[in-house]
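J.: Here's a structure for you.
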Amino acid sequence: MKKLMLGNAAVAQGAYEAGVRVVASYPGTPSTEITENIVKYDEIYAEWSPNEKVAAEVAIGASIGGARAMSCMKHVGLNVMADPVFTVSYTGVNGGLVFCVADDPGMHSSQNEQDSRHYAKASKIAMLEPANSQECKEYTRLAFDLSEEFDTPVFIRLSTRISHSQSLVEIGERADVELKEYEKNVGKYVMMPANAVKRHVVVEDRIKKLTEFAETSSFNTVEMNDTKIGIITSGISYMYAKEALGDNASYLKLGMVYPLPEKLIRDFAEKVDKVYVIEELDPILEDHCKALGIEVIGKDIFTLLGEYTPTMIKSAILGSKAPESCELTETIPARPPVLCPGCPHRGVFYVLKKLGLVVSGDIGCYTLGAIPPLASVDTTICMGASVSAALGMAKARGTEFNKKLVSVIGDSTFMHSGITGLIDIVYNKGNNTVIILDNSITGMTGHQDNPTTGYTIRGEETKQVNLLTLCKAVGIEHVTVADPFDIKNFEKIVKEETNREEPSVIIAQRPCALLKTVNYKGHCTVTENCKKCKMCMKLGCPAISENADGSIKIDLTQCNGCGLCMNVCPFDAIKKED
Amino acid sequence: MTKKIMIVGVGGQGTLLASRILGNTVINEGYDVKVSEVHGMSQRGGSVVTYVKYGDEVYSPIIDKGEADIILAFEMLEAYRAMPFLKKGGKLIVNTQEIDPMPVITGAMDYPENIADKLKEKLDVTLVDALSLAEKAGNFKAVNVVLIGVMAKSTDIAYEKWIETIKTTVPPKFLDINLEAFNLGYNL
């Protein structure tokens, strides 16, 4: 049966067919839907872990325990889990072990554009790169076999256009894969120096064997057409090249991007007049070819930045013109993403902006607090950095600066890696104020449960980490819970806590407006009391805008009746209607 | 020959559902199909673009400038932004709804004037007040299905095939509203 499937859903299907038993991940665009789809299969244990390192370790443990296991993450999540990854390369596996990493060229939803293929080479772990949903399914299924055959973890590398494109997939049955025996093997699984020294030899030998495998593996395919142009490529770039050049070029499509073959590439290069390497982001395939002494054209004509397109490839290789198009003759306003109507974060940023504080930000929907008119976030680096970087700022600039400084971090991000920064504040005598934006869900990635929500990935009730108790337990004496829509009270609390010469936490508690359990009634409308003071417009609510005459309008298709604008209007000029 | 359809709008308008209805309808016709979606941060009220391509064999999931056979725009400014992607002789279907983006709300820029005239001057444009039709069908959120209805009329896929997909894609409790919305668009 053929089915239209998202690349991510196809990866989940492949893992299911391979008989995977344990999947542990932390959400991250564009990888999230893999694990969300895993939940559809009752045979598989699935979890949202607190962060990617924990997730990888759960998967590693399951593999050592004899089960086929998988962990899925976005590219920056791979940085978080790099520590166990480099060492599990040494231990190898028991049950097949697969790490799915999704890169985001073009940064649709990310803070950087790193190329995760570097990790394969650095950690000496085989990496496969599918080019459509069917390959997502097949490569994932086969990755488990490869993992067990070569006693190695295997990476599946995806990119946004693979993860978030739907194409047709032939659905198969789940293989009956037995749990492998667990046997104590200190030399293999206890990575202390004496053992690791021996395992490193095994790793180098494995890479040699995998390189031989790459020479003849069906993951790497040659397609001979016209021989004037030869293309070496992988993943989505193959699809772009194929659309751009069709049968006017020959192709070496590398489905296995680490380790790379030598003879296969040499043979292909000899059969064609000119070789082009087409790969988004870094010149990994290109550098490999050049190291072999093969003359290729790559980043001389293709950019290191963003996503490619077929038109770009056509123009670079054939010099052909882009199709005729009707260009805009004026500059039009951009439409950046914004906090949704009813977003609980809006109240927080309104207050922080009003007080003119320096805001150490983090990763989540609330990164959008950097965009005007709220424009209050000063920094965003990575998950958890809001807390620890604020400590660094305070240590650098002293007490008075610290009184104008806060960290903002979501509930899920706090669980991920904010708590360690908070412990640092307590331990090293910081006086920072940390605001936990507790919206009862992992928001940006599309509503995943986390340790603070009280539900598992399958929606089963579980113990709920109590943020207030947790903060107190690590030594924060001043922990206040406040509703960010109660603007006056929230402002008062922020002033008090930032002026305190002791560390403090404010838990800004109000659920995400998109949660099914949140049901604001009616919508807001502007009455004749409006003095056009535009206080409501400082909220940056997408439902509120200005008419040509300066009066205010509220778009009923967008307003969800949250009523925050009523709380900031000084003239009582906004009322609620059914 | 690959048919290229682009769906553009504002995050939250339901473009994703529209692209899935379209994608599932064309596979039932036996075509190869690719649908490229946008998830994550860009979905939060920003410009969203979905590509649907179908034909004998589809390689790239994306559509370049000057290539789209049809652009289905859920909002005026987004239609204008997507204009360069329409191929010569392509068809632009536009919902006349206007939603101010944040730079307009903050006063940093103005919403462009007379977009409809500027589009009509150069292109084959169908303007639809899909919001009113969706309200007439029973829920303003059915704008996406109204527009799918309008578009369906300009493809060679039979009416019944669309109805079949809507029945399998839309939650049962919203089915009647969505069928009505589709019909209002189709019979425009």
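J.: Quick one: A:Thr557 ticks every box in (1) in a helix (DSSP H, G or I); (2) surrounded by fewer than 18 Cβ atoms within 10 Å (Cβ to Cβ); (3) among the hydroxyl-bearing types (Ser, Thr, Tyr) bar one, so which box is it?
T.: Failing condition for A:Thr557: (1).
J.: State the number of residues belonging to the stretch A:482-501 that are in a loop (DSSP other than H, G, I, E, B) and not hydrophobic (A, V, I, L, M, F, W, C).
T.: Count: 5.
J.: Next question, about the same structure. Suppose the filter is outside any helix (DSSP H, G or I), at pLDDT 95 or above, surrounded by 20 or more Cβ atoms within 10 Å (Cβ to Cβ) and of a type in the set (A, V, I, L, M, F, W, C); does A:Ile332 pass it?
T.: No; evaluated as a whole, the condition is false for this residue.
J.: Looking at (1) within 10 Å of chain A (Cβ to nearest Cβ); (2) buried (at least 19 other Cβ atoms within 10 Å of the Cβ), which one does B:Asp32 not meet, given that it meets all the others?
T.: (2)
J.: Looking only at the stretch A:500-525, which residues are surrounded by 14 or more Cβ atoms within 10 Å (Cβ to Cβ), out of contact with any strand residue (DSSP E or B) (no Cβ under 7 Å at 6 or more places or on another chain) and more than 11 Å from A:Ile441 (Cα to Cα)?
T.: Within the stretch A:500-525, A:Pro503, A:Val518, A:Tyr520 meet the criteria.
J.: Which of the residues that make up the stretch B:73-107 are more than 7 Å from every other protein chain (Cβ to nearest Cβ), free of Cβ contacts under 8 Å to residues at least 40 places away in the same chain and either in a loop (DSSP other than H, G, I, E, B) or loosely packed, with under 14 Cβ neighbours inside 10 Å (or both)?
T.: Those that are more than 7 Å from every other protein chain (Cβ to nearest Cβ), free of Cβ contacts under 8 Å to residues at least 40 places away in the same chain and either in a loop (DSSP other than H, G, I, E, B) or loosely packed, with under 14 Cβ neighbours inside 10 Å (or both): B:Gly89, B:Thr96, B:Glu98, B:Gly107.
J.: Scanning the stretch A:299-345 for residues that are within 12 Å of chain B (Cβ to nearest Cβ) and of a type in the set (Lys, Arg), which turns out farthest from the chain's Cα centre (by Cα)?
T.: Applying the filter and picking the extreme gives A:Lys321.
J.: For A:Ala69, which of the numbered conditions (1) surrounded by 24 or more Cβ atoms within 10 Å (Cβ to Cβ); (2) within 12 Å of the chain's Cα centre (by Cα) fails to hold?
T.: Result: A:Ala69 fails condition (2) only.
J.: If you don't mind, there's one more thing I want to ask. Name the single residue that is nearest to A:Ala120 (Cα to Cα) among those in the stretch A:239-264 being in a loop (DSSP other than H, G, I, E, B) and not hydrophobic (A, V, I, L, M, F, W, C).
T.: Out of the qualifying residues, it is A:Pro259.
J.: Among the residues of the stretch A:475-483, are any free of Cβ contacts under 8 Å to residues at least 40 places away in the same chain, touching a Cys at 6+ places or on another chain (Cβ under 7 Å) and either hydrophobic (A, V, I, L, M, F, W, C) or outside the structural domain of A:Val358 (by TED's automatic domain parsing) (or both)?
T.: Among the residues of the stretch A:475-483, at least one is free of Cβ contacts under 8 Å to residues at least 40 places away in the same chain, touching a Cys at 6+ places or on another chain (Cβ under 7 Å) and either hydrophobic (A, V, I, L, M, F, W, C) or outside the structural domain of A:Val358 (by TED's automatic domain parsing) (or both), which makes the answer yes.
J.: Here's another thing I want to ask about it. Which one of these is surrounded by 21 or more Cβ atoms within 10 Å (Cβ to Cβ) and over 26 Å from A:Val465 (Cα atoms): A:Ala59, A:Ala46, A:Ala120, A:Ala24?
T.: A:Ala120 is the lone residue from the list that is surrounded by 21 or more Cβ atoms within 10 Å (Cβ to Cβ) and over 26 Å from A:Val465 (Cα atoms).
A quick yes/no check of all residues on (1) more than 15 Å from A:His75 (Cα to Cα); (2) touching a strand residue (DSSP E or B) at 6+ places or on another chain (Cβ under 7 Å):
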residue: A:Ala122; (1), (2): no, no
residue: A:Ala126; (1), (2): yes, yes
residue: A:Gln134; (1), (2): yes, yes
residue: A:Lys137; (1), (2): yes, yes
residue: A:Thr152; (1), (2): yes, yes
residue: A:Glu170; (1), (2): yes, yes
residue: A:Asn185; (1), (2): yes, no
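Here is a yes/no grid of residues against (1) within 14 Å of another protein chain (Cβ to nearest Cβ); (2) under 21 Å from A:Gly475 (Cβ atoms); (3) surrounded by fewer than 24 Cβ atoms within 10 Å (Cβ to Cβ):
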site: A:Pro372; (1), (2), (3): yes, no, yes
site: A:Ile381; (1), (2), (3): no, no, yes
site: A:Gly392; (1), (2), (3): no, yes, yes
site: A:Ile425; (1), (2), (3): no, yes, no
site: A:Gly430; (1), (2), (3): no, yes, yes
site: A:Ile435; (1), (2), (3): no, yes, no
site: A:Gln448; (1), (2), (3): yes, no, yes
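J.: Name the one entry in A:Val177, A:Val169, A:Val186 that is away from chain B (no Cβ under 14 Å), at pLDDT 95 or above and surrounded by 17 or more Cβ atoms within 10 Å (Cβ to Cβ).
T.: Every option except A:Val177 fails the conditions.
J.: Pick out, from the stretch A:1-118, the strands (runs of 3 or more DSSP E) lying fully within it that include 3 or more residues that are at pLDDT 95 or above.
T.: A:22-25, A:45-48, A:69-74, A:97-103
J.: If you take the residues in the stretch A:208-233 that are within 14 Å of chain B (Cβ to nearest Cβ) and within 31 Å of the chain's Cα centre (by Cα), which one is farthest from A:Tyr276 (Cα to Cα)?
T.: Checked the stretch A:208-233; the qualifying residue farthest from A:Tyr276 (Cα to Cα) is A:Thr233.
J.: Any idea which residue in the stretch A:144-166 is farthest from the other protein chains (Cβ to nearest Cβ), counting only those that are among the charged types (D, E, K, R) and crowded, with 24+ Cβ neighbours inside 10 Å?
T.: Filtering first and then ranking leaves A:Arg157.
J.: When both residues are 6+ apart or on different chains and their Cβ atoms are under 9 Å apart, which pairs have a first residue that lies in the stretch A:526-542 and is facing chain B (nearest Cβ under 9 Å), and a second that is basic (Lys, Arg)?
T.: Here the result reads A:Gly540/A:Arg346; A:Cys541/A:Arg346, each pair linking the stretch A:526-542 to a residue that is basic (Lys, Arg).
J.: Let me spell it out: the conditions are (1) touching a residue at least 40 places away in the same chain (Cβ under 8 Å); (2) over 28 Å from the mean Cα position of the chain (by Cα); (3) in the same structural domain as A:Arg500 (by TED's automatic domain parsing); (4) farther than 20 Å from B:Ile105 by Cα, and A:Ala394 meets all of them except one. Which number is the exception?
T.: Single failed check for A:Ala394: (1).
J.: Sticking with this structure for a sec: Report whether or not A:Glu460 is charged (D, E, K, R) and within 23 Å of A:Ile38 (Cβ to Cβ).
T.: yes
J.: Pick from the stretch A:346-370 the residues that are within 14 Å of another protein chain (Cβ to nearest Cβ) and of a type in the set (Lys, Arg): which of them is surrounded by the fewest Cβ atoms within 10 Å (Cβ to Cβ)?
T.: Once the filter is applied, the top-ranked residue is A:Lys353.
J.: Which of the residues belonging to the stretch A:342-372 are within 23 Å of A:Cys569 (Cα to Cα), outside any helix (DSSP H, G or I) and modelled with pLDDT of 95 or more?
T.: If the condition is that a residue be within 23 Å of A:Cys569 (Cα to Cα), outside any helix (DSSP H, G or I) and modelled with pLDDT of 95 or more, then A:Gly342, A:Cys343, A:Pro344, A:Gly356, A:Leu357 are the ones that fit.
J.: Let me ask something additional. For residues that are among the small types (Gly, Ala, Ser) and over 25 Å from A:Glu148 (Cβ atoms), scanning just the stretch A:67-115, find the one that is nearest to the other protein chains (Cβ to nearest Cβ).
T.: My answer is A:Ser109.
J.: Residues that are closer than 19 Å to B:Val26 by Cβ: which helices (runs of 4 or more DSSP H) entirely in the stretch B:129-169 hold 2 or more of them?
T.: Passing ranges, in order: B:143-153, B:159-169.
J.: Another question about this same structure. If I ask for residues that are in contact with a strand residue (DSSP E or B) (Cβ under 8 Å, 6 or more places away or on another chain) and closer than 24 Å to A:Leu146 by Cβ, which ones from the stretch A:38-56 would you list?
T.: Residues satisfying the conditions are A:Ile38, A:Ile44, A:Tyr45, A:Ala46, A:Glu52, A:Ala55, A:Ala56.
J.: Within the stretch A:277-288, does at least one residue satisfy the condition of being within 14 Å of chain B (Cβ to nearest Cβ) and at pLDDT 95 or above?
T.: Yes, because at least one residue in the stretch A:277-288 is within 14 Å of chain B (Cβ to nearest Cβ) and at pLDDT 95 or above.
J.: Looking at B:Gly66, B:Gly46, B:Gly23, can you tell me which residue is within 7 Å of chain A (Cβ to nearest Cβ), crowded, with 24+ Cβ neighbours inside 10 Å and small (Gly, Ala, Ser)?
T.: B:Gly23
The values are calculated or read from the model by the stated rules, or taken from the named source; none is laboratory data. Owing to the predicted nature of the structure, the values given are computational and were not obtained by experimental measurement. Note that each Cβ is placed from the backbone with ideal geometry, even for glycine, and that neighbours are counted across all protein chains shown.
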